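A short write-up of the structure that comes next.
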Amino acid sequence: MTRARTVLALLVLGALTFGTGSPTWVTTTVATALESEVAVAAAGTSAAPGVGAGALVLLAAGIACALTGRVARYVALVVAAAAGVLVVASTLVVVGDPTPAATAAASEASGVTELTSPVTLTLWPWAALATGVLAVVVAVWGATAAKGWAATSGRHERAAAAAGAPTAGSPAGAAPGTPAAPGTSGTSGTPDGGPSADPDDEIDPHDAWDALSRGDDPTGR
């Protein structure tokens, strides 16, 4: 289970969870003073608010897995697994007893809480249940494979810092990659590495570079 597949799976499952929570989950009817039969329907996000919350968490966890480092990715996967559990638990509450969700929807739609027909479940709660279970499986599977994922956080920053650091023997203030002027080194001394006899005989690196640019020998030989 690669990082890319785990991220893609979490994002897809988050979107699918939203998709399964948007349609109607529960249907029934009530009677009002004006009509003897009024149809009542409750969407999944209304009947089981945990489904919508779990979908959001799955999307956020997928993005976090794509952008964070080793420790944070494990946290994101644990949160994703918890989101899957939340979706499953919220769905099972409605599947086990859909009457409270239907009563709440009837009260909101018509102000009547006495149902006049049996409460019917659609197929969408079962689809949401499947996405929640899959989210838990993907999160656990990803956590077992996460130790082999390449690190992303700070990798480019470290490479840039290494490229911009001056190397030993380069003149101070020289641009990265600029060759050191002939006859100069990172430490003062003679060409064989010993200390120079007279500090005044040292060649200024900038003057030496300018002389080389003009085609002159900076050592005067």
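The values are calculated or read from the model by the stated rules, or taken from the named source; none is laboratory data. Source: prediction; values computed, not measured. Neighbour counts are summed over all protein chains in view; Cβ atoms, including those assigned to glycine, are modelled from backbone coordinates with ideal geometry. Surface areas here come from the heavy atoms of the whole protein model, side chains and all, with no ligands, DNA or RNA. Shrake-Rupley method; radii C 1.70, N 1.55, O 1.52, S 1.80 Å.
What to note about this one:
- Rounded percent of accessible protein surface that carbon and sulfur make up, the range 19-60, 1.4 Å probe: 61
- Residues in the range 29-40 carry Karplus couplings, in order, of 9, 9, 10, 10, 5, 9, 9, 7, 8, 10, 6, 10 Hz; the curve used is 6.51 cos²θ - 1.76 cosθ + 1.60 with θ = phi - 60°, and Gly or Pro positions show x.
- In sequence order, the range 89-99 has phi-based couplings of 5, 5, 5, 5, 4, 6, 5, x, 8, x, 4 Hz under the Karplus curve 6.51 cos²θ - 1.76 cosθ + 1.60, θ = phi - 60°, and Gly or Pro positions carry x.
- Once both labels are positioned 7 Å from their Cα atoms along Cα-to-Cβ, the gap between T99 and D216 label points is 10.3 nm.
- Rg over Rh, two decimals, the range 37-126 (C-alpha only, Kirkwood Rh): 1.16
- For the range 16-99: accessible area per residue (Å², 1.4 Å): 45
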